[in-house]
């Protein structure tokens, strides 16, 4: 019988120094391991399936933005140690939740996500712009079913985070604008191929996008977006957005929402003012 101690995949630290360095250099990282214990992941997937089934017929499944504002059960996963232990090597130990979003592309007619930088949509909302997105795969994700690709190192280039945008057809795209062709080099794009319960992590300033899903396989992910609590939400944005202290201390003397409170009124206010995330 072996006397070697088996190391749990959930043991801290969950990212090596080399992986953190790669994330900072490339602007993204593929975590090809289970993010959550299997039973916790299945509970999240079942929770999502119930939300999807209850979605009004006039709401696209790509548009399930900030669901945690009203669905407080989601903090079981948003504040899970397994998730926070993955982002802490990047953000540091004092972590705020910036946002979350289920983006589900149905089989056959899932919309395309144009090439963009998250930071371009959040300009003026957060300072400094140091947000890491953990993109947790609910379904398998590949180029065949509309999976995300990134253009490495674009978070460090001339237009980093704030490229120029042009309008695109909003009936075919999740957003109505896209980085102009001269400022993006799609030949450098790398697909983020994931199995369920695996994740990619990406910097807010990196260029990324995904094709339409014309396949017979649904593609869904849950984006969990975090930052150091030293990053500050602008006062102007507080009228339409909540942030939450996920771990550690508040380093910016700012107000956080209560994860036990339902803020459906805020979702309604955002909708009536045409305020949306992505």
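The values are calculated or read from the model by the stated rules, or taken from the named source; none is laboratory data. Remember, it's a predicted structure, so these values are computed and weren't measured experimentally. Here the Cβ is made from the backbone with ideal geometry for all residues, glycine too, and neighbour counts use every protein chain on show.
Odds and ends about this structure:
Matching residues to (1) crowded, with 20+ Cβ neighbours inside 10 Å; (2) modelled with pLDDT of 95 or more; (3) not in a loop (DSSP other than H, G, I, E, B):
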residue: 163; (1), (2), (3): yes, yes, no
residue: 200; (1), (2), (3): yes, yes, yes
residue: 208; (1), (2), (3): yes, yes, yes
residue: 217; (1), (2), (3): no, yes, no
residue: 249; (1), (2), (3): no, yes, no
residue: 252; (1), (2), (3): no, yes, no
residue: 261; (1), (2), (3): no, yes, no
residue: 275; (1), (2), (3): no, no, no
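- Number of positions in the stretch 92-112 that are in a loop (DSSP other than H, G, I, E, B) and surrounded by fewer than 22 Cβ atoms within 10 Å (Cβ to Cβ): 7
- Selection within the stretch 221-247 - out of contact with any strand residue (DSSP E or B) (no Cβ under 6 Å at 6 or more places or on another chain), assigned to a loop (DSSP other than H, G, I, E, B) and over 27 Å from residue 104 (Cα atoms): 230, 234
- Some residue of the stretch 98-105 being modelled with pLDDT of 95 or more, farther than 17 Å from residue 63 by Cβ and touching a strand residue (DSSP E or B) at 6+ places or on another chain (Cβ under 8 Å): yes
- Hey, residue 80 free of Cβ contacts under 8 Å to residues at least 12 places away in the same chain and more than 13 Å from the chain's Cα centre (by Cα) or not: no
- Here is the figure for the stretch 138-160: residues that are at pLDDT below 95 and either crowded, with 16+ Cβ neighbours inside 10 Å or within 17 Å of residue 102 (Cα to Cα) (or both) total 3.
Residue-by-condition table, conditions (1) farther than 30 Å from residue 168 by Cβ; (2) in contact with a helix residue (DSSP H, G or I) (Cβ under 9 Å, 6 or more places away or on another chain):
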| position | (1), (2) |
| --- | --- |
| 31 | yes, yes |
| 69 | no, yes |
| 74 | yes, yes |
| 87 | yes, no |
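Table: residues versus (1) in contact with a strand residue (DSSP E or B) (Cβ under 9 Å, 6 or more places away or on another chain); (2) under 20 Å from residue 153 (Cα atoms); (3) modelled with pLDDT of 95 or more; (4) surrounded by fewer than 13 Cβ atoms within 10 Å (Cβ to Cβ).
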site: 6; (1), (2), (3), (4): no, no, no, yes
site: 21; (1), (2), (3), (4): no, yes, yes, yes
site: 26; (1), (2), (3), (4): yes, yes, yes, no
site: 31; (1), (2), (3), (4): yes, yes, yes, no
site: 39; (1), (2), (3), (4): no, no, yes, yes
site: 50; (1), (2), (3), (4): no, no, yes, yes
site: 56; (1), (2), (3), (4): no, no, no, yes
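- Any hit, the stretch 38-51, residues being without any contact (Cβ under 8 Å) to a residue 24 or more places away in the chain, more than 19 Å from the chain's Cα centre (by Cα), assigned to a loop (DSSP other than H, G, I, E, B) and over 20 Å from residue 85 (Cα atoms): no
- Filter result for the condition that a residue is under 28 Å from residue 185 (Cα atoms), free of Cβ contacts under 8 Å to residues at least 40 places away in the same chain and out of contact with any helix residue (DSSP H, G or I) (no Cβ under 7 Å at 6 or more places or on another chain), over 137, 158, 120: 158
- Boolean, residue 110 is on the phi > 0 side of the Ramachandran plot and in contact with a strand residue (DSSP E or B) (Cβ under 7 Å, 6 or more places away or on another chain): no
- Filter result for residue 71 (under 30 Å from residue 240 (Cβ atoms) and at pLDDT 95 or above): yes
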